[in-house]
Amino acid sequence: MADRGLAGKSLFLRFDAACSAAEIYVNGKLAGTHRGMFAAFCFDVTPLMNPAGDNVIAVRVTNAKDSSIPPLSADFTFFGGLYRGVTLLALNPLAISPMDDASSGVYLKQTNVSADHADVQITTRLQNAGIVERSATVKCEVLDAQGGTVAWKDAVAAVPVGGGAVVVPVTVDHPHLWQGRKDPYLYQVRVTVSTGSLVTDQVVQPLGLRFFRTDPRLGFFLNGQSYPLHGVNRHQDRPDQGWAITPQQQEEDFDLIMEMGCNAVRLSHYQHAQQFYDWCDRGGLIVWAESCLVNSVTPSAAFDETCKQQLREMIKQNYNHPSICFWSLFNELNDGGPKAALPVQRRHQIELITILNDLAHQLDSTRLTTGATSRLDAKYPLNLITDVIAFNPYDGWYTRSPSDWPATLDKLHSATPERSVGISEYGAGASVHQHEANPKKPKPSGRWHPEEWQATVPEAPYDAMKDRPWIWGTFL
């Protein structure tokens, strides 16, 4: 890969994902390691590369089970290897840093958004790979959908060796709001870094100006208007390809969700490909973004650190997507393991989710935290930590019958009427190869799962949920 144009550049290798623990070597030397299945990661390989000659990049990936890397178990298949793209970045010594947990290096924090104006705090993390302090001009422009500039501001900063952050506030007057599927209007923010007359870097990020909230009695509101969320859960795999699916197949999933009439999607149970969040921005789908803490925890400091790392990566890498309104911290944490270990497991779950909830708020104070729980006890301590909560009832599949849905919902609401409640999963399993006229409820643990039962089960819960406006979101 000899290229004399790389001389004098800062060189980075960015991996969009690797499952589940990766070691990266450049010319026989270790560039770095990463633990986790779903997030991007980036290494500075400048001192290891030969910009004028050949280079050998070697990647060792293992998906062997590791008690310090969540998820420890789940009802979906764990695949392995490099299943998303890899990029070589060649940047000027003074540039926007790709090393802040592999994020864009630009964070758009929107506050005080209304039809009259919107304040946007633009934080840019800079790298200075030189040996002396550099003066940098950071120009921040808000561009409308036609590319016209609607707001801008410059800042001049002294960037120390290594790097630093520059914060620039801008205000957009009379903003065109991002209105979900009705009108998913997108601005763009263009951040340009220069020194003197030389432009050294530029990054463009999406900006959809919106405000939202949940109400314990009235559900979800977007831009001050009631906006009940109805969607599905989505996974990222295909037969015979595992997680290594093509952009066209990603887009096929998105198109199917849009064709169904959904206005929301739960991207379960992990961080999805960047392009999927991009499509949700452009298509107007409200996104529930979820970290990969599923089923159980390992009561250890190493496990906790990996959980914090993966939440930090998900939030930083997806901070600017207007479609995302919820950061989900867990899915169905249960009482797995020996009975003697249950008190330790439960205590550690509560302690860990409390830590993750605080971390999510520190990283992003503008979005709501949530979790998906199979404990249908609204007052169970784990269900009271996040800003809002959602439940996974399966009346008609794992439990009871579809006719029990109204009673199940009313019990959840009456237990904590001051708390916003959603339904994160409902439905039934099925085999496309099995069919039955006038189907009866099958055994979930059995081998007979007719497709007709799966098609029938959601009707009763949907009827019950649409008559209960306090439910902030429903996800089939």
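The values are calculated or read from the model by the stated rules, or taken from the named source; none is laboratory data. Predicted, not measured: the structure shown is a model, and the values here were computed from it. Cβ placement follows ideal geometry from the backbone for every residue including glycine, while neighbour counts extend to all protein chains displayed. Just the protein is used for accessible areas: all its heavy atoms, side chains included, with ligands, DNA and RNA removed. Shrake-Rupley method; radii C 1.70, N 1.55, O 1.52, S 1.80 Å.
Observations
- Breaking point among (1) crowded, with 18+ Cβ neighbours inside 10 Å; (2) in contact with a Leu (Cβ under 7 Å, 6 or more places away or on another chain), for Leu376: (1)
- For segment 379-405, a residue qualifies if it is loosely packed, with under 15 Cβ neighbours inside 10 Å and either over 23 Å from the mean Cα position of the chain (by Cα) or more than 24 Å from Tyr270 (Cα to Cα) (or both), and the qualifying residues are Lys379, Tyr380, Pro381, Tyr398, Thr399, Ser401, Ser403.
- Enumeration of residues in segment 194-225 that are of a type in the set (Gly, Ala, Ser) and open to solvent by 70 Å² or more (accessible area, probe 1.4 Å): Gly196, Ser197
- Residue among Ser403, Ser420 that is of a type in the set (S, T, N, Q) and in contact with a helix residue (DSSP H, G or I) (Cβ under 8 Å, 6 or more places away or on another chain): Ser403
- For segment 197-213, the set of residues classified as out of contact with any Leu (no Cβ under 7 Å at 6 or more places or on another chain) and either closer than 25 Å to Tyr426 by Cβ or touching a residue at least 12 places away in the same chain (Cβ under 8 Å) (or both) consists of Gln202, Val203, Val204, Phe211, Arg213, listed by residue number.
- Any hit, segment 284-304, residues being of a type in the set (D, E, K, R), without any contact (Cβ under 8 Å) to a residue 60 or more places away in the chain and over 22 Å from Ile423 (Cβ atoms): yes
- Applying a threshold of 8 Å to beta carbon distances and a minimum spacing of six or more residues, or different chains, the list of pairs starting in segment 320-334 at a residue that is within 18 Å of Tyr426 (Cβ to Cβ) and open to solvent by less than 10 Å² (accessible area, probe 1.4 Å) and ending at one that is at pLDDT 95 or above and of a type in the set (D, E, K, R) reads Phe326/Arg367; Ser328/Arg266; Ser328/Glu290; Asn331/Glu290.
- Residue pairs meeting the criteria (Cβ under 9 Å; at least 6 apart or on separate chains; first on the phi > 0 side of the Ramachandran plot, in segment 103-116; second crowded, with 16+ Cβ neighbours inside 10 Å and assigned to a loop (DSSP other than H, G, I, E, B)): Gly105/Ser97; Gly105/Pro98; Gly105/Met99; Asn112/Phe211
- Among the strands (runs of 3 or more DSSP E) confined to segment 1-50, the ones with at least 1 residues that are open to solvent by less than 10 Å² (accessible area, probe 1.4 Å) and of a type in the set (A, V, I, L, M) are located at 10-15, 21-26.
- Taking first residues from segment 455-476 that are surrounded by fewer than 17 Cβ atoms within 10 Å (Cβ to Cβ) and partners that are among the basic types (Lys, Arg), the Cβ contacts under 8 Å between residues at least 6 apart in sequence or on separate chains come to Pro469/Arg217.
- Boolean, Pro71 is more than 30 Å from Trp152 (Cα to Cα), surrounded by 15 or more Cβ atoms within 10 Å (Cβ to Cβ), at pLDDT below 95 and out of contact with any Asp or Glu (no Cβ under 6 Å at 6 or more places or on another chain): no
- Long-range neighbours under 8 Å by Cβ, at least six apart or interchain, first residue on the phi < 0 side of the Ramachandran plot within segment 29-51, second of a type in the set (A, V, I, L, M) and open to solvent by 70 Å² or more (accessible area, probe 1.4 Å): Cys42/Met99; Asp44/Met99
So that you can scan it fast, the table gives a plain yes or no per residue for (1) in a helix (DSSP H, G or I); (2) in contact with a Phe, Trp or Tyr (Cβ under 9 Å, 6 or more places away or on another chain):
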residue: Ala289; (1), (2): no, yes
residue: Asp304; (1), (2): yes, no
residue: Gln309; (1), (2): yes, no
residue: Asn320; (1), (2): no, yes
residue: Arg346; (1), (2): yes, no
residue: Gln349; (1), (2): yes, yes
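- Residues in segment 78-102 that are open to solvent by 20 Å² or more (accessible area, probe 1.4 Å), within 24 Å of Gly163 (Cα to Cα) and among the hydrophobic types (A, V, I, L, M, F, W, C): Leu88, Leu89, Ala90, Leu91, Met99.
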